[in-house]
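Structure first, commentary second.
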């Protein structure tokens, strides 16, 4: 399994946090962006039903989501998107995240 350089994603998260937006990771979070992005605030780790609840209560937030199917990647409006473990990782606003969730894209 090839390793992906996640520094660009970490930097994008840092930029969003610096603008004052909370950021969540929709999956188990191993703090993989913390050091590389020099993040001051940890990412919220969301799983299952927590995802929708967080998106609803953080309308100004952003979420890192992981897509197995990358066919629609070009059409997803994202602050950052990159290859990740055979799929893709995207940094999207909560409205986009909710749409991706509704489409059952994980």
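When residue 33 is tested against the conditions (1) outside any helix (DSSP H, G or I); (2) surrounded by 15 or more Cβ atoms within 10 Å (Cβ to Cβ); (3) touching a strand residue (DSSP E or B) at 6+ places or on another chain (Cβ under 7 Å), the lone failure is (3). Within region 62-92, count every residue that is crowded, with 20+ Cβ neighbours inside 10 Å, without any contact (Cβ under 8 Å) to a residue 40 or more places away in the chain and under 19 Å from residue 47 (Cα atoms). The qualifying residues number 3.
Residues in region 42-61 that are surrounded by 12 or more Cβ atoms within 10 Å (Cβ to Cβ) and in a loop (DSSP other than H, G, I, E, B) were compared, and the one that is modelled with the lowest pLDDT is 42.
Reported count of residues in region 83-97, each being outside any helix (DSSP H, G or I) and over 8 Å from the mean Cα position of the chain (by Cα), is 7. Residue by residue through region 1-30, note down the ones that are within 18 Å of residue 87 (Cα to Cα) and in a strand (DSSP E or B). 25, 26 - these are the residues of region 1-30 that are within 18 Å of residue 87 (Cα to Cα) and in a strand (DSSP E or B).
The values are calculated or read from the model by the stated rules, or taken from the named source; none is laboratory data. All of these numbers come straight from a predicted model, not from anything done at the bench. Positions of Cβ are generated from backbone atoms using ideal geometry, with glycine treated the same way; all protein chains shown enter the neighbour counts.
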